[in-house]
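Take a look at the structure set out below.
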Amino acid sequence: MGRHTPLYDLHRSQGARLVDFGGWDMPVQYASQIEEHHAVRRAAGVFDVSHMCVIDLAGARTREFLRYLLANDVGKLTRAGKALYSCMLNASGGVIDDLIVYFLTDSAFRVVVNAGTRDKDLQWIRRHAQDFGVEVRERADLAMLAVQGPQARQKTVALLASADRERALSLPVFSGAQIADWFIARTGYTGEDGFEIMLPAASAADAWLALNALGVVSCGLGARDTLRLEAGMNLYGNDMDENTHPFESGLGWTVALAPAERGFIGRAALERVAAAGSARELVGLMLEDRGVLRSHQRVTVPGGGAGEITSGTFSPTLQRSIAFARIPSGPVAQVQVEIRGKLLAARTVKPPFVRAGKPLVS
């Protein structure tokens, strides 16, 4: 039996199909995964993401600590509530995890890490926090809901006191704020607008049901995966891990090598890659023949190179099969993917495939 979020009983009562995900029993779908996907693209859906780990960091040297811990630079964060996406690296530049960090005050930050890596992340963070006198607090008392879609924000604020609604609606993209007993962030993993809400675990089920009553559709991890891939967003363990670095994972934009004097874990390794150029890169693929792209399928590149699909699915929005693939670096427009013993044609595209409900490739 896996770990359970505070919404486990509710998922069962709503008929969700539960699967193991990173050691957690999580809903993969409730009724139709395709309908859940379209609900988010066209209106609003709600996901249980309470399996992710919320960590509060406090202490006079917290900013200094995070500038050392993360490849991206929290020195960029000057406005309370502003968020930053970053990788957390090992000494060789491999990705321990990707995460979001929120600037709360000069001595307090909030970090949200992935479910399957939470235990090793906490151990890594605590190990290095000691040297900076930073307090590390896992917020197991909180649940986390992601409400996503073009109607998501308007639906969500209907649950707030009238005095708080405008404040929530005025949150800038990639920012968060404590509003009553909810921490509301304008972030997400679907390519749509919406909120991720960290709230007391005891009130999560009531909030979920209230959203359902407003027409927000219960959605599982199956739809979350097709949505995030359409949106060009990496999945830890598929598209990057401790054996891959950001430059070969489509995440070079998250590495802040300036200022040169900022030392961070993995910097020396990434400087060598940046100087020499990455031997591999992550590209988007669209299948031109009939079939479905899946993880670990072999990709053949003209000239004799080869790579592998890291994430693949059938896109409900595009009605095409799409994927990420790690292949040798260099300009290439066409590749072949081995599917059931046959080489099928695919072309490379620059993700995202879909954003804000609109196809960006054809």
Requested in this report: Filter region 287-306 down to residues that are assigned to a strand (DSSP E or B) and either surrounded by fewer than 19 Cβ atoms within 10 Å (Cβ to Cβ) or among the charged types (D, E, K, R) (or both) and give me whichever is nearest to the chain's Cα centre (by Cα).
Outcome: ARG298
Query raised in the report: Only one of ALA258, ALA275 is within 25 Å of the chain's Cα centre (by Cα) and exposed (fewer than 13 other Cβ atoms within 10 Å of the Cβ); which?
Result: ALA258
Query - Pairs, first farther than 20 Å from LYS350 by Cβ in region 283-306, second of a type in the set (Phe, Trp, Tyr) and assigned to a strand (DSSP E or B), C-beta under 8 Å, six or more apart - result: VAL292/PHE314
Report task. Looking only at region 263-278, decide whether some residue is in contact with a helix residue (DSSP H, G or I) (Cβ under 7 Å, 6 or more places away or on another chain), among the hydroxyl-bearing types (Ser, Thr, Tyr) and closer than 15 Å to SER86 by Cβ. Result -> no
Query raised in the report: Restricting to region 78-93, what's the tally of residues that are surrounded by 19 or more Cβ atoms within 10 Å (Cβ to Cβ), outside any strand (DSSP E or B) and on the phi < 0 side of the Ramachandran plot?
Result: 0
Requested in this report: Name, by its number, the condition in (1) within 24 Å of the chain's Cα centre (by Cα); (2) over 30 Å from VAL74 (Cβ atoms); (3) of a type in the set (Lys, Arg) that does not hold for ARG326.
Outcome: (2)
Report task. Residue by residue through region 95-116, note down the ones that are surrounded by 18 or more Cβ atoms within 10 Å (Cβ to Cβ) and farther than 19 Å from MET198 by Cα. Result -> VAL95, ILE96, ASP97
Requested in this report: Just give me the residues in region 106-155 being within 30 Å of ALA213 (Cα to Cα) and out of contact with any Asp or Glu (no Cβ under 7 Å at 6 or more places or on another chain), in sequence order.
Outcome: VAL112, ALA115, ALA140, ASP141, LEU142, ALA143, VAL147, GLN151, GLN154, LYS155
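Quick note: the coordinates plus some simple rules give every number you see, no bench work behind them. Just so we're clear, the structure is a prediction, and the values are computed from it rather than from any experiment. No Cβ is skipped: glycine too gets one built from the backbone with ideal geometry, and neighbour counts run over all protein chains shown.
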